[in-house]
Amino acid sequence: MMLPDALLDALWRAHAGLTLGLLAVALLRRPWRRLAGAQAACALWLLPPWLALATLLPAAGLPALTLPPVSIAAPSGLAALSLPPGDWRALAEALWAAGMLVVIVLHGLTHHRYRRRLQSRGAAGWLAPAGDSPGLLGAWRPRLVLPADFAQRFAADERRWIVAHEATHARRLDNAARLAAAALASLAWFNPLAWWALHALRQDQELACDATVMQRFPGSWRRYGLALLKLDGATGLPPTAAAWQAHHPLKERIMWLKNNAAPRAGTRQAARAMLALGALLGLVAMQTISSAADAAPPARKLKAYEACTKMPRPELPVEVATGEYLLDVTFTIDSDGRPDTLRIQGDRQNIAPLVAAIERSVRAYECKPALAGTEVQQEFKFKID
């Protein structure tokens, strides 16, 4: 069963806006971090979901940006592989759904493997095996994850920093944000930018939490960096888990600890600039993507011989007057492969029996059920002497 056209159109619009937002983040995250600090750079990740939503809003009344058409010639050798448009669409939708299901299952297995290593300590959090990384588990009510050797492995000030770091993740709803990002990546699993985003978002969240902790404990960045080196890095983390030292270029992270220890003077200006940028990109997304989708030419109607496997000829009635007749029949294929919603256009005067014969013939057509919802056209020409 194929998706409704309106839903498929909305999904493609949202995907185009999401891709535009991810490209903007990829280009701006490092310069923005240098300008306004790690916390402001992390806020850039609001752009992709905002632009995905903006494409679903009505286009503003501004001149539309039109792009030149692009023609792609297919090699003649591919002709034998051609399928009717409805078959291609059904195949593509099935592949997309299968990929989405695989991604969801993989995320579920990652969460199960991580959770299986932990022991619940009630409201106090989770207990991890000795040697594991401290962290935070849960999207809506996250709880602290502490290894069994937490007190022995970390000094008192290091334990304080770790708890503050994970508490910052909880206040910022970072686990919930990564869960939302994983859901979007599941929908857009075929887009490489979606997978890059999962890794880059976690990096930016870690830097933002580091900067927040260093603002609370100024002058401690050297010892804080040494505490990070006590772990090799947490692996196999589900989207709903944060870790004290996830995979991240440590040299970059420690340098940013130093540079973001104090609040940035341009943070407020950067926030205003980001709001303006989001509004501008949202307007661009609404105007170009939505207008382009609305202005797309209607899909070509299939000819009956392309969509139907059985097409009985009409039995001509004897009472039709002599002359030449041209009738155009349009119908939609239902879920059983039968014609539905017939429309007959042409010179219908004095040929009601001929129209009835054509309607009986078309309703006896047997079409491909995979093309359900497709509009089909058939032309009838008669010359009666």
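Here, each number is a calculation from the coordinates, and none is a lab measurement. Note that the coordinates shown come from a computational prediction; the quantities given were computed from them, not determined experimentally. Backbone-built Cβ (ideal geometry, glycine too); neighbour counts: all protein chains shown.
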Report ³J(HN,Hα) in whole Hz for each residue of the range 367-381, in order, from the Karplus equation J = 6.51 cos²θ - 1.76 cosθ + 1.60 where θ = phi - 60°; Gly and Pro get x.
10, 7, x, 5, 9, 3, x, 7, 8, 10, 10, 9, 10, 10, 10
Amide H proximity to GLU375 below 5 Å, modelled H, separation 5+ or other chain, gives LEU302
Read phi for every residue in the range 326-337 and hand back ³J(HN,Hα) as whole Hz from Karplus 6.51 cos²θ - 1.76 cosθ + 1.60, θ = phi - 60°, with x for Gly and Pro.
10, 10, 10, 10, 10, 8, 10, 7, 8, 5, 9, x
What is the distance, in nm, between label points placed 7 Å from the Cα along the Cα-to-Cβ direction at LYS230 and at ASP334?
7.1 nm
Based on DSSP, what percent of beta bridges with both residues in the range 114-162 are antiparallel, to the nearest 5?
60 percent
Testing the spin-label approximation: label points 7 Å from Cα along Cα→Cβ at LYS383 and ALA356. State their distance in nm.
2.8 nm
How many percent of Cα pairs in the range 91-137 exceed 17 Å?
51 percent
Amide H to amide H, which residues 5 or more places from ARG121 or on other chains are under 5 Å from it, using H placed in the peptide plane?
TRP126, LEU127
Using θ = phi - 60° and Karplus 6.51 cos²θ - 1.76 cosθ + 1.60, couplings along the range 177-190 (whole Hz; Gly, Pro as x)
5, 5, 5, 4, 5, 5, 5, 5, 5, 5, 5, 10, 5, 7
